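Following: one structure in structure tokens, then a few remarks.
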Amino acid sequence: QVQLVESGGGLVQPGGSLRLSCAASGIIFRLYRMGWYRQAPGKQRELVAAITGGLSTTYADSVKGRFTISRDNAKNTVYLQMNSLKPEDTAVYYCNTGVRDTNYWGKGTLVTVSS
């Protein structure tokens, strides 16, 4: 059974930083692409960043240069380092992976950027 558990969200002031973590179980973690998505109130869920098993990365234009995705295969964990946070980054952030044509999601962690 694939499980994804996010942590690290919270309230941060504009310009601040947070690091999100997603612990995965039930998969051979190193083989799979892992993604971070976010959904702001009233908006569709969108891709923030993704990293393949071969460590290729993809970023949304809105976060390039501010966010960094990484993974630790020994810990079955993917991270999202978020710097220079803006109010428009406020959203629930979800971890995602796809296994055999099935999408798996964590329950999400809330990030609020506000003064």
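The values are calculated or read from the model by the stated rules, or taken from the named source; none is laboratory data. Since the model is a prediction, treat every value here as computed from it, not as a measurement. When we count neighbours, we look across all protein chains shown, and the Cβ atoms used for this are built from the backbone with ideal geometry, even at glycine. Protein only, heavy atoms only, side chains kept; ligands, DNA and RNA dropped before computing areas. Shrake-Rupley method; radii C 1.70, N 1.55, O 1.52, S 1.80 Å.
Here are the numbers for this structure:
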quantity: Checklist (1) under 19 Å from Leu4 (Cβ atoms); (2) in contact with a Pro (Cβ under 7 Å, 6 or more places away or on another chain) applied to Thr102, failing item; calculated: (2)
quantity: When residues of segment 96-108 are limited to those that are assigned to a strand (DSSP E or B), in contact with a Phe, Trp or Tyr (Cβ under 6 Å, 6 or more places away or on another chain) and not hydroxyl-bearing (Ser, Thr, Tyr), the one surrounded by the fewest Cβ atoms within 10 Å (Cβ to Cβ); calculated: Trp105
quantity: Any hit, segment 59-66, residues being in a loop (DSSP other than H, G, I, E, B), at pLDDT 95 or above and farther than 28 Å from Ser114 by Cα; calculated: no
quantity: Qualifying positions in segment 16-35 - open to solvent by less than 50 Å² (accessible area, probe 1.4 Å) and under 22 Å from Ser84 (Cβ atoms); calculated: Gly16, Leu18, Leu20, Ser21, Cys22, Gly35
quantity: Qualifying residue in segment 36-50 (condition: of a type outside the set (A, V, I, L, M, F, W, C), crowded, with 19+ Cβ neighbours inside 10 Å and more than 10 Å from the chain's Cα centre (by Cα)); calculated: no
quantity: Top-ranked residue of segment 63-84 - restricted to ones that are in contact (Cβ under 8 Å) with a residue 60 or more places away in the chain and surrounded by fewer than 21 Cβ atoms within 10 Å (Cβ to Cβ), ranked as farthest from Gly53 (Cα to Cα); calculated: Ser84
quantity: Criterion (open to solvent by 30 Å² or more (accessible area, probe 1.4 Å) and either charged (D, E, K, R) or within 20 Å of Ser115 (Cα to Cα) (or both)) met by exactly one of Val92, Val5; calculated: Val92
quantity: Selected residue (criterion: farthest from Thr102 (Cα to Cα)) from residues of segment 1-56 that are free of Cβ contacts under 8 Å to residues at least 24 places away in the same chain and β-branched (Val, Ile, Thr); calculated: Thr52
quantity: Residues of segment 3-45 satisfying the condition of being in a loop (DSSP other than H, G, I, E, B), at pLDDT below 95 and on the phi < 0 side of the Ramachandran plot; calculated: Ile27, Ile28, Pro41
